[in-house]
Amino acid sequence: MATPTVEPDPGHAGAGSVGVVPDIESVAVVGGGVIGLSCAWRAAAAGFHVTVHDPAPGSSGASHVAGGMLAPVTEAMPGEEDVLALGSASLARWPEFAAELGAAAGCDPGLRTEGTVAVALDPADRAELDRLADYLRRIGREVEVLRGRELHRAEPALGPAVRHGLSVPGDLAVDNRALLAALLAGCRRAGVGFEPARCEVAPPADVVVLAAGARSGGLHPRLREAIRPVKGEILRLRARRGALPPPSRTVRAVVGGRRCYVVPRDGGRVVLGATQYEVGFDDDVTAGGVRALLDDAERVLPAIAEYALEESAAGLRPGSPDNLPLIGELEPGVLAATGHHRNGMLLAPLTADAVQALLRGVPVPAEARPADPARLTGGQVACGQVVSGDASHGSHRHSQGERSEP
Ligand code: GLY
C-alpha cells in the first residue's frame, strides 16, 4: 500500500467526509460479496483502477445465500432510527442502481417491486405486528392494515390461520444471485481485476477497502471487536406442478414469536429464511433449523409442503454492536465497508456511493455518516495494518443440518 502523503484532517475523522489519500489511482477491495462488488463496480466506473481479492467472488458467503429483502421498514426495530434512515436512503437509490447496473452489465440484476406484506397468526404475534404498525405510523411511514378477506385476496397462498397483516408496498426485494451475476459482469466490463488468492498481507494499492463480511474482523485490528458472525440458515424451494403458486410479494411473518420470511423468485421459486444464531464461524445447516423454518413457513403458506426443496444453506452475517454498518476510514489508506448484518443487499447502493465519495475526497451522503467506524473504534490509530485473514465470507451449502433460534 502506498504511504499516504498527507494526514487526513482530524476534524473530519468522525464525520466520515474525508478523502483518504490524495491522487488515488489503485484500489484493492478485499471481499467479493455484494458490498465489495458494488464498491468495486462503482469505483471502476468512476475511473479508479480496481482489483477485487476473493477466492470465489459472487459465489460464496452471506450474499450468495441472502433472501434479498430490501426492507428497511419491515426490518425496523424501535430505537434503531439510524438503521432505518440508512436503509431508507439506500432503498431510494435502488431503482437507479439497478437500472445503471443492468445497462452496464447487460443483464437483469433482479430487482422486484411487488412490495411486502407482514402477517401474524396468534394474538401475541399480532400484538408485535400492531407495535410495528404503531412505530411506523409514528415515524411517518406508509403502512396499510389488511384483515381476513382482503389479505387473502392480496395473497391467495396465505393459509386460513393468517388473519392479520400489514401491506408495506415500499419494501422491495432483489434476486441475490441475479444481482451478484450482474455485479460480476458489470465489474468485468468496467475493467475490475480479480485476484483469487486469499489476502495474507495488505494488497498493493493506494487504498484498500475491507469488505469481507463476517471475516472482516480478522483483517484489521480496529475491526476485531466490532464485527462478529451471526449465522443464518435459509431454504430454497420450487412450486411443483399442481401446487398453489408462491406469493407475488415478500411475506414476512411472526409465528410463535419467531420471525420468518418468504421471498419470491422467478420460476415459482422462493427463498425461505432465516434463522439467526450467534455461534461463531459455524456454518453448518442444522436439522433443527430446517425443521423450524419449514414448520413456521407451512403455517403461513400451507402449499410450501408440496414444494420441492432444492437447497439448504447457511451464511454468516457480519454483525456489529449497534446493527449499523462500518463505512469509512480506519486509517489513512484503509477503508471499512462491512458490518451490514441483515442488510447487505439493501445497503449496497448507499455503501458504494459512500466509498466512492471517500475515494474522491468529497463528503459522504449524510445518511451514511452514523456508519463512520470512528463511533466504535475510537477514531484514528497509527497501528492499523491489514493482517492475515480469510478474505472470503463464511458460508457453505449443505444438504442437512441442526437447530435454529429466532
Ligand atoms: N436480511 C434478512 C436476513 O438476514 O435474514
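The values are calculated or read from the model by the stated rules, or taken from the named source; none is laboratory data. In this text, all values refer to a predicted model and were calculated from it rather than measured experimentally. Counting neighbours? That spans all protein chains shown, and the Cβs are built from the backbone with ideal geometry, glycine included. Side chains are part of the model used for accessible areas, which takes the heavy atoms of the whole protein and leaves out ligands, DNA and RNA. Shrake-Rupley method; radii C 1.70, N 1.55, O 1.52, S 1.80 Å.
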Residue pairs, Cβ under 6 Å, 6 or more apart or interchain, first in the range 363-374 and closer than 11 Å to Asp82 by Cα, second open to solvent by 70 Å² or more (accessible area, probe 1.4 Å) and part of a helix (DSSP H, G or I). List them.
Pro370/Asp82
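Can you say whether Gly148 is touching a residue at least 12 places away in the same chain (Cβ under 8 Å) and surrounded by fewer than 19 Cβ atoms within 10 Å (Cβ to Cβ), as far as the supplied structure shows?
It is true that Gly148 is touching a residue at least 12 places away in the same chain (Cβ under 8 Å) and surrounded by fewer than 19 Cβ atoms within 10 Å (Cβ to Cβ).
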Just checking, how many residues over the range 34-53 are surrounded by 24 or more Cβ atoms within 10 Å (Cβ to Cβ) and in contact with a Pro (Cβ under 8 Å, 6 or more places away or on another chain)?
4
Test Val254 against the criterion of being surrounded by 14 or more Cβ atoms within 10 Å (Cβ to Cβ), within 16 Å of the ligand (Cβ to nearest atom), farther than 24 Å from Arg177 by Cβ and hydrophobic (A, V, I, L, M, F, W, C), and give yes or no.
yes
When every residue in the range 46-66 that is in contact with a Leu (Cβ under 8 Å, 6 or more places away or on another chain) and on the phi < 0 side of the Ramachandran plot is compared, the one nearest to the ligand (Cβ to nearest atom) is Ala62
Got at least one residue in the range 227-235 being in contact (Cβ under 8 Å) with a residue 40 or more places away in the chain, more than 19 Å from His340 (Cβ to Cβ) and open to solvent by 10 Å² or more (accessible area, probe 1.4 Å)?
no
Flagged in the range 54-79 as open to solvent by 20 Å² or more (accessible area, probe 1.4 Å) and over 24 Å from Leu183 (Cα atoms), in numbering order, are Glu75, Met77, Pro78, Gly79
In the range 326-345, residue nearest to the ligand (Cβ to nearest atom) [restricted to those that are out of contact with any helix residue (DSSP H, G or I) (no Cβ under 8 Å at 6 or more places or on another chain) and open to solvent by less than 10 Å² (accessible area, probe 1.4 Å)]:
Val334
Got at least one residue in the range 90-101 being at pLDDT below 95 and under 18 Å from Thr338 (Cα atoms)?
no
Kindly indicate whether Glu298 is over 15 Å from Gly67 (Cα atoms) and open to solvent by 40 Å² or more (accessible area, probe 1.4 Å).
yes
Against the conditions (1) open to solvent by 60 Å² or more (accessible area, probe 1.4 Å); (2) more than 17 Å from the chain's Cα centre (by Cα), where does Asp82 fall short? Just the number, please.
(2)
Got a sec? Which of Ala292, Ala297, Ala348, Ala305 is more than 16 Å from the ligand (Cβ to nearest atom) and part of a helix (DSSP H, G or I)?
Ala305
For the range 207-243, enumerate the residues that are within 16 Å of the ligand (Cβ to nearest atom), in contact with a His (Cβ under 9 Å, 6 or more places away or on another chain) and within 14 Å of Gly280 (Cβ to Cβ).
Ala214, Val230
Quickly run through the range 104-124 and pick out the residues that are in a strand (DSSP E or B) and at positive phi.
none
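Conditions (1) over 30 Å from Arg198 (Cα atoms); (2) outside any helix (DSSP H, G or I), marked per residue:
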position	(1), (2)
Pro55	no, yes
Gly67	no, yes
Pro72	yes, yes
Asp82	yes, no
Gly102	no, no
Arg126	yes, no
For Arg224, indicate whether it is open to solvent by 10 Å² or more (accessible area, probe 1.4 Å) and either β-branched (Val, Ile, Thr) or modelled with pLDDT under 95 (or both).
yes
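Residue-wise test of (1) open to solvent by 20 Å² or more (accessible area, probe 1.4 Å); (2) closer than 25 Å to Gly256 by Cα.
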{"position": "Asp125", "(1), (2)": "no, yes"}
{"position": "Asp130", "(1), (2)": "yes, yes"}
{"position": "Asp134", "(1), (2)": "yes, yes"}
{"position": "Arg138", "(1), (2)": "yes, no"}
{"position": "Leu166", "(1), (2)": "no, yes"}
{"position": "Arg177", "(1), (2)": "yes, no"}
{"position": "Ala181", "(1), (2)": "yes, no"}
{"position": "Ala190", "(1), (2)": "yes, no"}
